[in-house]
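Peer 1: Here it is, the structure, as structure tokens.
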Amino acid sequence: MNEALSGKSSGELPRELAGGLTCDVTRDPAAAEDRPRILVIGYGNPLRSDDGIGWRVAEELQARLKTSHVEVIQCHQLAPELAEKLRDAALVVFVDAAAEGSPGEWNHHRLTATKSSAVFSHGPTPAALLALAADLYGASPEAHLFTVCGSSFGYGEHLSTDVKRTLPSVVTEIEALLRAADTAHSAG
């Protein structure tokens, strides 16, 4: 009989399904070590001018970071499927545009998981996605949200002058956060 079906291989987690049926989900412990410890998620619409700042920050970080333990993701919106990516991360950084505030102004907030029914709506918040990862996988990574206030959200692929001017400082700040996390992990 196939080991994955018999429940005899190591690393398997039995899951009960409706009607008392079970299936075994094999999770190789070594695979978790291969997964990135740090996750950067830049999200927004790159075809709506400043709403694409998350993508642009992610592009800059991807070009600068040449390490296998950092994964950079670009997406239009947060989706429940991203909770699996948070499972083995020690640190998650979200980057998005903001509509309120002074153009080019950026903010950095530490996040905590917040349960929300919005997880399955148009798009969950970063805090709701963290809560989902905690519920599904017991994951509780350190999480940060960087937002940059935009002024132009019309059709276009170019950032406004104020947002473009802010881009390097946001990237530098995130790089410093990632370096500090990496140094702490190496020391610990």
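Peer 1: Quick one: Karplus J couplings for segment 84-97, per residue in order, coefficients 6.51, -1.76, 1.60, θ = phi - 60°, nearest Hz, x for Gly and Pro?
Peer 2: With the stated coefficients, segment 84-97 comes to 5, 5, 6, 3, 10, 7, 8, 9, 10, 10, 9, 9, 8, 8 Hz.
Peer 1: Over segment 36-187, what is the relative contact order in percent, taking alpha-carbon pairs closer than 8 angstrom and at least six residues apart?
Peer 2: With pairs under 8 Å counted, the relative contact order is 31 percent.
Peer 1: Quick one: 3J(HN,Hα) in Hz for segment 165-175, Karplus 6.51/-1.76/1.60 with θ = phi - 60°, rounded, Gly and Pro as x.
Peer 2: 5, 7, 3, x, 5, 5, 4, 4, 5, 5, 4
Peer 1: Take each of the peptides 64-75, 37-48, 136-147, average the number of other beta-carbon atoms within 10 Å over its residues, and list them starting from the highest.
Peer 2: Per-residue mean Cβ counts within 10 Å order the peptides as 37-48, 136-147, 64-75.
Peer 1: Per residue of segment 130-142, in order, report the coupling 6.51 cos²θ - 1.76 cosθ + 1.60 (Karplus, θ = phi - 60°) as ³J(HN,Hα) in whole Hz, putting x for Gly and Pro.
Peer 2: The phi angles translate into 4, 5, 5, 4, 5, 5, 7, 10, x, 7, 9, x, 5 Hz.
Every number in this text was worked out from the coordinates using simple rules, so none of it is lab data. Keep in mind that this is a model prediction, so the values were computed, not measured. Cβ coordinates were reconstructed from backbone atoms using ideal geometry, including for glycine residues, and neighbour counts include every protein chain displayed.
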